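Colleague: There's a structure below that I have some questions on.
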Amino acid sequence: YQRRVHGDNRPRFLTSANSSFVICFVEMAAPADPRAPPPASAPSTASLPASEAGQKEIYTYEAPWLIYGMNWSVRPDNKFRLAIGSFLEEYNNKVEVVQLHEESGKFQKVGAFDHPYPTTKIMWSPDTRGPDLLATTGDYLRLWEVTPHGIVMKSLLNNNKNTEFCAPLTSFDWNEADPHSIGTSSIDTTCTIWDVETSQPKTQLIAHDKEVYDIAFAANGVNSRNIFASVGADGSVRMFDLRNLEHSTIIYESPDLTPLLRLGWNKQDPNYLATLLMDTPKVVILDTRVPSLPVAELQCHKQCVNSMAWAPHSSCHICTAGDDSQALIWDLHDMPKTVEVPILAYAADAEINQLQWSAAQYDWIAITFSSKLQILRV
């Protein structure tokens, strides 16, 4: 990514929503007065192929297998550390921990472990002062600890101990406001809230009429430790309060009840959620104060969207990525006005499977496509 702001060529992240600027990857005209309001028409975007991008702003790691699961470490003493998971159609899969060596500009593998089945999600613990933990889901929820001697499994969380069979877990979320809690979603229509310390379930509920595909805790709200939402094959977004699980609120149902695959809660404003519809190039933005109707629909992708990530430091920026090999950053500060085009675009070499925005380093985004992990400075 590169931006030109009135002659300033330094690659940086976005300015405030009220600043006047033109995003560019090629020579473009800028407004004469930096203090002038943005033009009425939507800003144009241009994309830069990965092969032509500046080396100092993009770093690539190639794994020996197709990558699916991926996430950033949030610990400040481990900059540019990520975990990636393989997608192999067999029981034996892998998870690698890689870290960028800043002086050489190359990624180094600093740890690895075997994982049964592909990881449906990987997350590092939001607690940066306790043990160095990460969690994975697949057939079960597993907690792993990074030690000086390697990565070891700390616990396997299983709520079906009377049978050898299990319902696969589709996703999970680690509660940032309460790092002792993890919520998982499953194809058996349930969501389970786990106590990390005891490895026991706090509660399990039937959340949807069909498979549950994703779960997310609210972020930065007064009651964020108690509020979570989920999406599933029944095409609904449902919101729950751990203090009263007898009731849930359906805040959105997709047209024709198209399955909803992913859910993301705005990191700075708990009123906003984003969700993905299965096999569509559309991302829906929801306002929990106005149920049922999307506050915005992002429709610039040419093929289906696979992943999205809200900016960790901004309430009005979100990044989306999909099968059209594009990662797009959107500015939503004009909502509820129509958001027509993104403000930044990046073209990868293949379909993008996964996207994560670093919570510790706000100007870096990670994507995975094929067997490659790339981190991009934005």
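Colleague: Could you check the stretch 289-320 and list, in sequence order, the residues that are of a type in the set (A, V, I, L, M) and closer than 27 Å to residue 351 by Cα? So that I can check it myself, show each step before the final result.
Modeller: Applying the first criterion (of a type in the set (A, V, I, L, M)) to the stretch 289-320 yields 290, 293, 295-296, 298, 305, 308-309, 311, 318.
296, 298, 305, 308, 309, 311, 318, listed by residue number.
Colleague: Scan (1) open to solvent by 40 Å² or more (accessible area, probe 1.4 Å); (2) modelled with pLDDT of 95 or more; (3) within 17 Å of residue 179 (Cα to Cα) for the single condition residue 211 breaks and write down its number.
Modeller: (3)
Colleague: Considering (1) open to solvent by 10 Å² or more (accessible area, probe 1.4 Å); (2) within 17 Å of residue 72 (Cα to Cα); (3) not small (Gly, Ala, Ser), say which one residue 205 fails and leave the rest.
Modeller: Failing condition for residue 205: (2).
Colleague: Further question: Could you check the stretch 104-160 for strands (runs of 3 or more DSSP E) lying wholly inside it with 2 or more residues that are surrounded by fewer than 17 Cβ atoms within 10 Å (Cβ to Cβ)?
Modeller: Values: elements: 106-116, 121-124, 133-137, 141-147, 150-157.
Per the criteria, 106-116, 141-147, 150-157.
Colleague: Among the strands (runs of 3 or more DSSP E) lying completely within the stretch 217-296, list those that include at least 3 residues that are open to solvent by less than 10 Å² (accessible area, probe 1.4 Å), at pLDDT 95 or above and of a type outside the set (Phe, Trp, Tyr). Quick ask: steps written out before the conclusion?
Modeller: Details: elements: 227-232, 236-241, 249-253, 260-265, 272-277, 283-287.
Where strands (runs of 3 or more DSSP E) fall fully within the stretch 217-296 and carry at least 3 residues being open to solvent by less than 10 Å² (accessible area, probe 1.4 Å), at pLDDT 95 or above and of a type outside the set (Phe, Trp, Tyr), they are 227-232, 272-277, 283-287.
Colleague: While we're here: Taking into account only those residues within the stretch 161-177 that are of a type in the set (S, T, N, Q) and assigned to a strand (DSSP E or B), which is farthest from residue 270 (Cα to Cα)? Spell out the reasoning first.
Modeller: Narrowing the stretch 161-177 to residues of a type in the set (S, T, N, Q): 162-163, 170-171, 175.
If we keep only those that are assigned to a strand (DSSP E or B) too, we end up with 170-171.
Numbers: 170: 23, 171: 20 Å.
The selected residue is 170.
Colleague: Restricting attention to the stretch 72-79, does a residue exist that is open to solvent by less than 70 Å² (accessible area, probe 1.4 Å), part of a strand (DSSP E or B) and touching a residue at least 24 places away in the same chain (Cβ under 8 Å)? Reasoning before the result, please.
Modeller: Step one: filter the stretch 72-79 for residues open to solvent by less than 70 Å² (accessible area, probe 1.4 Å), giving 72-75, 78.
Imposing the further condition that a residue be part of a strand (DSSP E or B) reduces the set to 72.
Right, trim to touching a residue at least 24 places away in the same chain (Cβ under 8 Å) and you get 72.
Checked the stretch 72-79: at least one residue is open to solvent by less than 70 Å² (accessible area, probe 1.4 Å), part of a strand (DSSP E or B) and touching a residue at least 24 places away in the same chain (Cβ under 8 Å).
Colleague: Among the residues of the stretch 321-349, how many are of a type in the set (A, V, I, L, M), part of a strand (DSSP E or B) and surrounded by 21 or more Cβ atoms within 10 Å (Cβ to Cβ)?
Modeller: Step one: filter the stretch 321-349 for residues of a type in the set (A, V, I, L, M), giving 321, 327-329, 332, 335, 339, 341, 343-345, 347-348.
Next cut, part of a strand (DSSP E or B) only: 321, 327-329, 344-345, 347.
Filter once more, keeping what is surrounded by 21 or more Cβ atoms within 10 Å (Cβ to Cβ): 321, 327-329, 344.
Number of matching residues: 5.
The values are calculated or read from the model by the stated rules, or taken from the named source; none is laboratory data. Bear in mind that the values here come from a model prediction, so they are computed numbers and not experimental data. Positions of Cβ are generated from backbone atoms using ideal geometry, with glycine treated the same way; all protein chains shown enter the neighbour counts. Heads up: the accessible areas ignore ligands, DNA and RNA and are worked out on the full protein's heavy atoms, side chains in. Shrake-Rupley method; radii C 1.70, N 1.55, O 1.52, S 1.80 Å.
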